[in-house]
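Laboratory data are not the source of any read-out in this text; all were calculated from the coordinates shown. Note that this is a predicted model, so its numbers are computed, not measured. Virtual Cβ from ideal backbone geometry, glycine too; neighbours counted across all protein chains shown.
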Amino acid sequence: MRDTRAVKGYNSTMMSDRLTHLDESGRARMVDVGAKDVTERVAVARGRVTMRPATLALIIAGELPKGDVLTVAQIAGVMAAKRTSELIPLCHPLLLNQVVVTCAPNPAESCIDIEATVRVSGKTGVEMEALTAVTVAGLTLYDMAKAVDRGMRLTDVRLARKSGGRSGDWRAEPEGNSPEAQP
């Protein structure tokens, strides 16, 4: 039976307090999705890499020795989403419909904002694929620019929204001037 108590901090939606990746005795297990319906599922994740203004200027100008940092990071994010089940032990391998990763320079905050949108027609969601895409894109940005700025930080990686599946739609609570707070 499903627990219908609201869980604080989960957008006031109802969800079960049972962890699905644990069996009755508390051991880790892969969830059986065989009985689930195939539905369209979408997940959007976001994060950012903060850096010195001079580092961002070099990236925007394309003047780093390793080449086109933004394009390489976007491709790395797409590749990572496709390989999520090899990195996260209990994730199901999925045949993804689409992965879009954007890396947008944000001079006002001296950072690069990263967003990944992942789509699938499947029996399980793509939240982990979107989060993995953002994280690997951010790590790639760090790798390609670390020669000029080792103080860069990959921050604020989070699920922004998801749709589809039995649990339906979910959207993160807006925070300050984050894209989630915009109309």
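Just a few scattered comments:
- Residue pairs meeting the criteria (Cβ under 6 Å; at least 6 apart or on separate chains; first in contact (Cβ under 8 Å) with a residue 24 or more places away in the chain and more than 24 Å from Leu95 (Cα to Cα), in segment 130-154; second aromatic (Phe, Trp, Tyr) and in a helix (DSSP H, G or I)): Met152/Tyr142
- Scope segment 56-84; condition more than 24 Å from the chain's Cα centre (by Cα) and assigned to a helix (DSSP H, G or I); matching residues: Ala57, Leu58, Ala61
- Per-region count, segment 159-168, residues within 16 Å of the chain's Cα centre (by Cα) and either loosely packed, with under 15 Cβ neighbours inside 10 Å or polar (S, T, N, Q) (or both): 1
- Residue within segment 118-128 that is surrounded by 19 or more Cβ atoms within 10 Å (Cβ to Cβ), among the hydrophobic types (A, V, I, L, M, F, W, C) and within 21 Å of Asp68 (Cβ to Cβ) present: no
- Leu64 closer than 30 Å to Lys123 by Cβ, in contact with a Ser or Thr (Cβ under 9 Å, 6 or more places away or on another chain) and not basic (Lys, Arg): no
- For segment 70-85, a residue qualifies if it is more than 20 Å from Ser121 (Cα to Cα) and surrounded by fewer than 17 Cβ atoms within 10 Å (Cβ to Cβ), and the qualifying residues are Thr71, Ile75.
- Gly67 vs. criteria in contact (Cβ under 8 Å) with a residue 60 or more places away in the chain, on the phi > 0 side of the Ramachandran plot and surrounded by fewer than 18 Cβ atoms within 10 Å (Cβ to Cβ): yes
- Residues in segment 85-105 that are under 18 Å from Leu139 (Cβ atoms) and either touching a strand residue (DSSP E or B) at 6+ places or on another chain (Cβ under 9 Å) or aromatic (Phe, Trp, Tyr) (or both): Val99, Val101, Thr102, Cys103, Ala104, Pro105.
- Near pairs, Cβ below 6 angstrom, 6+ apart or cross-chain, from segment 41-63 (closer than 17 Å to Leu154 by Cα and in contact (Cβ under 8 Å) with a residue 12 or more places away in the chain) to any residue that is surrounded by fewer than 14 Cβ atoms within 10 Å (Cβ to Cβ) and of a type in the set (D, E, K, R): Thr50/Arg153
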